[in-house]
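Values in this text are rule-based calculations from the coordinates and carry no lab data. Quick caveat, the model's predicted, so the values are computed rather than measured. A quick note on method: Cβ atoms are made from the backbone with ideal geometry, for glycine too, and the neighbour counts reach across all protein chains shown.
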């Protein structure tokens with residue numbers, strides 16, 4: 001019997017995380033299950049903020065009211081009155097952080113022991129691949145876990161969508177539409193950088209939704225000459241507001257080019273060790289395209305801190321409900337995803353090794369139309 005569920009958000013914050021917490025809280029309440037929130041991801045499991053001494057505790061029956069108060073920097077009881085109004089809140093109510101120690105088996109054992117002593121029978125983890133690896137480690141320590149995919153990057157291969165991805169794309173689409181309007185007004189091409197870590201889904205989706213003429217993704221090798229030629233061709237045909245969408249980390253796949261000396265030769269100050277970025281790329285395109293005045297915009301954290309779209313909120317509701325149902329039936333070591341528009345569950349081990357095929361045809365289409 002599951003009497004107490006713990007829930008945490010881990011990794012980068014993503015729109016919809018709070019809605020998932022509310023869904024778990026509502027469903028747990030229906031089944032008479034207590035819910036506790038664990039703050040700052042796996043750091044909370046290790047009680048890093050409270051530094052509470054668990055050596056004097058053998059089980060939850062030993063915890064006094066004063067002990068629970070002392071644990072509040074890491075562990076807090078969640079009831080419907082506490083969380084019902086956070087579903088549309090931006091960011092994550094439970095906070096989030098990466099926990100580098102949790103890759104160490106010693107800390108995994110310590111975290112599992114803490115959870116058992118606190119009387120937490122099961123854990124719902126909302127996060128990405130790193131968060132799911134932490135969940136798998138806890139499962140190996142005998143802790144019942146279910147993972148909900150929460151990352152704007154949409155880089156989990158087993159699921160069609162992750163919480164926050166749809167919201168991030170909509171933020172980017174709105175930004176690019178505004179940028180293209182002013183680009184058209186001034187006859188200036190635009191370079192727009194979006195997030196996504198090592199996955200180009202946000203960039204690709206944004207490009208096709210806005211009619212952007214070029215995209216650079218971290219999955220594909222590329223060189224500056226091809227994109228300069230493409231931009232020059234577009235401008236020559238009268239498209240002076242052409243847009244290039246680039247994804248973070250795309251520069252790792254760029255063909256060798258001494259861009260620092262190239263910019264220095266064109267009168268720009270560039271320091272050794274300085275990394276190439278969207279603004280430097282816009283300068284490169286300017287000098288390679290006969291003075292075309294390209295402008296760069298980095299959309300940044302607005303993608304993560306936006307209010308969740310209806311899709312992400314609805315997905316969070318379904319994922320939270322399924323998570324509680326699985327735990328209540330004793331089905332654990334699972335993660336939840338979306339397939340053909342419906343939520344489903346599968347073992348975490350299997351999900352973590354699945355890779356999403358890159359949509360090469362779509363990528364080529366964006367860069368040639």
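Table for the structure above
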{"quantity": "Failed criterion for residue 260 (all others in (1) under 29 Å from residue 201 (Cα atoms); (2) free of Cβ contacts under 8 Å to residues at least 60 places away in the same chain hold)", "calculated": "(1)"}
{"quantity": "Criterion: more than 30 Å from residue 357 (Cα to Cα), touching a residue at least 24 places away in the same chain (Cβ under 8 Å) and within 30 Å of the chain's Cα centre (by Cα) - qualifying residue of 178, 183", "calculated": "183"}
{"quantity": "Lone unmet requirement of (1) surrounded by fewer than 24 Cβ atoms within 10 Å (Cβ to Cβ); (2) in contact (Cβ under 8 Å) with a residue 60 or more places away in the chain; (3) closer than 24 Å to residue 342 by Cα for residue 209", "calculated": "(2)"}
{"quantity": "Qualifying residue in the range 242-251 (condition: surrounded by 15 or more Cβ atoms within 10 Å (Cβ to Cβ), assigned to a helix (DSSP H, G or I) and touching a strand residue (DSSP E or B) at 6+ places or on another chain (Cβ under 7 Å))", "calculated": "yes"}
{"quantity": "Which numbered condition residue 26 misses (of (1) farther than 16 Å from residue 317 by Cβ; (2) in contact (Cβ under 8 Å) with a residue 60 or more places away in the chain; (3) crowded, with 17+ Cβ neighbours inside 10 Å)", "calculated": "(1)"}
